[in-house]
Structure formats: structure tokens, C-alpha cells
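K.L.:
The structure is given below, and queries will be raised subsequently.
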Amino acid sequence: MYTIGGQLSSIIKMPVGLRTSLAIILFVSMGAGCASTHKTIKEAAPQEFIFPKDFLWGAATSSHQVEGNNTNNDWWEWEQTRLPEARSGLACDQWDRFENDFKLAQSLGHTAHRFSIEWSRIEPQEGQWDSSAVDHYAQVIRSLRSKGIEPIVTLHHFTLPLWLARQGGWYSQKAPELFARYVEKVTKVLGGDVHYWMTLNEPVVYTYKGYMVGDWPPGIKSPKEAIQVFKNLLLGHVLAYERIKEAYIKKGWEEPRVGIAQSVLIFRACSDTSLRDRIAARFRHWMFNHLFVQALIRGRAYCIGLFNVHLPKAKTLDFIGLNYYTRDFVLHHGYGFPGILGQACTATVEQNRHTGKDNFLSWEIYPKGLHTFLIDFSRYKLPLLVSENGLATNDDAERVSFIVEHLKAVGQGMEEGAFVIGYLYWSLLDNYEWAEGFVPRFGLIEVDHATQERKVRESARMFGEIIRSGKLRIEQRGRESAALRGNYFEN
């Protein structure tokens, strides 16, 4: 889980620039939908929406954020030197407590659970495999299955084994094949009980935070290296996709669904009357929200003056996971790269703009954005999974409202034709939130990290009631929503 925001002015500029005319061409030709509009949506009386019987309901976690003592990856090393006040340590101790945590999820009506496998445990040294770690994850999957909970398995959620990080990590030309080899090893053992795989979590966020602004390991600030990492992540997914499919065919298992978890963030121009702000918002929307997904579907990614990527295979997504939290306002910041992406509005610019309430991390709570993306990503004609959506707050009543309003957005999107297969709240537990440590509280289940005591929050019980009923009262949108879709989300 993470969002992309803040200023880009500190990033090192590349020698090749993009001029105004080029930006406008990209704005029109790349098919980058724009998330801003002043169109009025006519509302009708609330109606009851019934979710499909096979809708996936649950929550998500990731290995480093909950397992504890993942001492052999690059994030653990980063914490020791860069984050002395925000170290993961024992985290939620879920390596040893997963059974009881899953019993709690079962009691709350969950029918799906997303978790990640820690590569550094599976392959602690290059080419050396820890069978006991593989067996552990087999137990995790069996535990979920025994409780009627569908496992949704993420294979890379921000962390790398130290041995690979020291070889250059995802910047290394070897990384895609090494990732595919690890995926193949895991799939052959665990695949019989897994139907949903997610190869990568938020690959664009990973690239941006680690290689553009340097806030995350490996702490690099280089657009050139970031573009190479972006390419390698694309190739890594394609190779992993093929290895998963091949393993299932050889084993005679039912064909799995393979996707990614794509971070999506609403970008709106600081000034709707500024063409330059609107171009920046639209270009950022395309590059951060759509480019990676489009490349995997089309088998290529192209941006004049920046990169031209041809992948060995197209159509390597069976579904798309959307991690949605908030929106951001974008100010024009030049026509070169990365200036064309704009920067966040200043407080002065924003002072008269109406926005929703912020969460604990100062992210705006904007449920309409989830509806926007469900309609927007429907262009790809693939099943959509809300793979993360959550609120950091110390006020559980806010979490109740957050869940209800975002589920209304899901229902509205489905009413309008979006093929949504599930909703996973972030997170099941109060967990380790990367550079923010344990301060942000996202969990449906409260965790006292000093004692590891769990306490189910009222928001979790309310969510469970919705799951069990499969119903929610939503506002039915009028006919203008179709016009909105047609005008603002172009192929």
C-alpha cells in the first residue's frame, strides 16, 4: 500500500525534453482518461444493490508488514540505517499467529484473503531454496482453504532478498529471469491450492519511491535508472505469467488467474481553467495509472523521447487489481521530463478548493474516485478486483463510514457495467506501514504491538454484516453517468 504524491521538483532532469505540442499530442493520442470533471450527476432515491454470490470479500496484508523478523531482505536493512524510529521488528508476528488471525477473518465472514510470499525466505541465498519456508506458506494456504477463504497470493510486495538487492535489484538485467525462476519454484509447490496470483504489487509506486525520489530502498534518484527498472518489472511480470501458466498445464490443474495490484490515484488539475495544469494532470494519470497495465495488455510501452519497450508477449493479465486510496491535485511544472508530470499544488493554490476530509496520513478521503476507476479500467474488458482500499484513523467511526461509502462506489460501478469480482480492505491488521512505522492504524483488527494482543474493531463487525447480507443501499446514478464515461474515458 502506498500512494504517489508530493513535489517532483527535486528529481534530476533528463537531457531530452518534451515540448508543448508533444504534450498535447500525448494528451490526446495515448488514450489517457482524465479524472476531473464538473458535470453534475443526477441522483435518484437510494436502492438496494445485491452483490453476486461469488463476490470475493476480505482483507489484505503483505509479508514484511505482518510476519515479523524478515531480516534477510532489503527493507530490513534499510530500516536499520535509515529508519531507526520505524523498524518492523516482530511486526504482527503473523508468521506464528496466522492460524488465529485467519479464524478471526472467518468469524467476520471473509471469503478471500490477500497475502504475499516473502522471496527472501524462499530463496535466502541465490539458487538455495528453503523447503521449510515453502512448507510454511503451504500451511498458510491450507489454513485459509479450510476456513472457506480464497487465497489471493502476491509474489512481490516491495521487498527483495539481500543477495539480489546487492546485485542491483530490479535495475539488474538478471532480475526478470531470477524473479521468474522464484515464481516457478513457488508455483509448482503451492499452485494446486491457488487460483489467484498477483505477480507484482504497485510496480509504478515501487519504481517511483525507490528510483525517482529515493525515499525507499535502494534510495536512488535517477530517471534513467527508474525507466530501466520499469522495463525490467514489465518483463518480470511477463516471464512470471508464462511460468505460472506452464506449471499449471504440466500439473493438469485448473487454469489460474494471474494479475497485478496496480496503485491508482485520482489526479486533478489545480486549476480547471489552466490548460497546462490539465495537461500535467492527464499525463500523470496516464503514466502512473495506466501505462504499466496498457503495456502488459498490448505487449509494448512507448513514450516519445523516453522509452520504447517491446515485450515478448501481449495479453498477460487475466484480471486487474486496483489499490485505491485518495486523489491529488496537480500543478504544471514544465514540458521536459519529469516536469511534464507536474507537481502537487501548493497550500496557497489549494486554500479555496473544496476537498474532503483527510485521513491520518493527510490523504483526502474521496470515495467517488473508486467509482471513477472502476468505470475507467472497464475499457480493458478484464475482471477488476479492489485489491486494497483502506483508512488510517484512530476514530473507528470514520472507518465505518469509509467502508460503506467506498462499497457504495463499488456497487454504483457494477450497476453501470463494471465487472468487479471482489473487494479487499487494507488491512486485516494494524501493521507495519513502511517509513511511517506502526503509527498509522489501518486494521479491521486492532493490534497491540507490545503484547501482540488482537481486538476486533466495530468497523470489522459492520463490514462482516455487509458481507453476510450481500446487500447495500446505494444511490442510483442518472443517465448523465453514461455521458461522463463517454467524454472522459476514451480508448
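K.L.:
Could you check, for segment 9-23, whether at least one of its residues is exposed (fewer than 14 other Cβ atoms within 10 Å of the Cβ), modelled with pLDDT of 90 or more and of a type outside the set (A, V, I, L, M, F, W, C)?
P.N.:
No, the conditions are met nowhere in segment 9-23.
K.L.:
Looking at segment 437-447, is at least one residue surrounded by 18 or more Cβ atoms within 10 Å (Cβ to Cβ) and assigned to a strand (DSSP E or B)?
P.N.:
Yes, there is a match, as at least one residue in segment 437-447 is surrounded by 18 or more Cβ atoms within 10 Å (Cβ to Cβ) and assigned to a strand (DSSP E or B).
K.L.:
Evaluate segment 53-68: report whether one residue or more is surrounded by fewer than 23 Cβ atoms within 10 Å (Cβ to Cβ) and among the acidic types (D, E).
P.N.:
yes
K.L.:
On to the next question. Test D430 against the criterion of being under 18 Å from Q65 (Cβ atoms), at pLDDT 95 or above and exposed (fewer than 14 other Cβ atoms within 10 Å of the Cβ), and give yes or no.
P.N.:
Judged against the criteria, D430 is not a match.
K.L.:
How many residues does segment 345-375 hold that are touching an Asp or Glu at 6+ places or on another chain (Cβ under 6 Å) and either under 16 Å from A269 (Cβ atoms) or modelled with pLDDT under 70 (or both)?
P.N.:
2
K.L.:
Just give me the residues in segment 450-473 being farther than 19 Å from R399 by Cβ and under 25 Å from the mean Cα position of the chain (by Cα), in sequence order.
P.N.:
G470
K.L.:
Kindly establish whether Y432 is closer than 22 Å to S116 by Cβ, of a type in the set (S, T, Y), within 18 Å of the chain's Cα centre (by Cα) and in a loop (DSSP other than H, G, I, E, B). Outline the logic, then answer.
P.N.:
On the way: closer than 22 Å to S116 by Cβ: yes; of a type in the set (S, T, Y): yes; within 18 Å of the chain's Cα centre (by Cα): yes; in a loop (DSSP other than H, G, I, E, B): yes.
Yes.
K.L.:
Just checking, how many residues over segment 113-137 are in contact (Cβ under 8 Å) with a residue 24 or more places away in the chain and acidic (D, E)? Lay out the reasoning, then the answer.
P.N.:
Quick first cut of segment 113-137, residues in contact (Cβ under 8 Å) with a residue 24 or more places away in the chain only: 113-126, 129, 134, 136-137.
Imposing the further condition that a residue be acidic (D, E) reduces the set to 118, 123, 126.
Selection size over segment 113-137: 3.
K.L.:
Also, I was wondering about something else. Of the residues in segment 410-434, how many are under 15 Å from Q47 (Cβ atoms) and among the hydrophobic types (A, V, I, L, M, F, W, C)? Steps first, answer last, please.
P.N.:
Of the residues in segment 410-434, the ones under 15 Å from Q47 (Cβ atoms) are 410-416.
Adding the requirement that they be among the hydrophobic types (A, V, I, L, M, F, W, C) leaves 410, 414.
Number satisfying all stated conditions: 2.
K.L.:
Give F102, F49 a once-over and let me know the one that is over 19 Å from V140 (Cβ atoms), at pLDDT 95 or above and in contact with a Lys or Arg (Cβ under 9 Å, 6 or more places away or on another chain). Outline the logic, then answer.
P.N.:
Details: F102 fails: over 19 Å from V140 (Cβ atoms).
Matching residue, one of F102, F49: F49.
K.L.:
Can you list the helices (runs of 4 or more DSSP H) found entirely within segment 63-170 that contain at least 3 residues being among the hydroxyl-bearing types (S, T, Y)? Reasoning before the result, please.
P.N.:
Working: elements: 63-66, 74-82, 94-107, 119-122, 131-146, 162-165.
Those helices (runs of 4 or more DSSP H) span 131-146.
K.L.:
Quickly run through segment 217-249 and pick out the residues that are under 22 Å from R82 (Cβ atoms), surrounded by 21 or more Cβ atoms within 10 Å (Cβ to Cβ) and of a type in the set (V, I, T).
P.N.:
V229
The values are calculated or read from the model by the stated rules, or taken from the named source; none is laboratory data. This is a predicted model, so every value here is computed, not measured. Because the Cβ atoms are built from the backbone with ideal geometry, glycine has one as well, and the counts that use them run over all protein chains shown.
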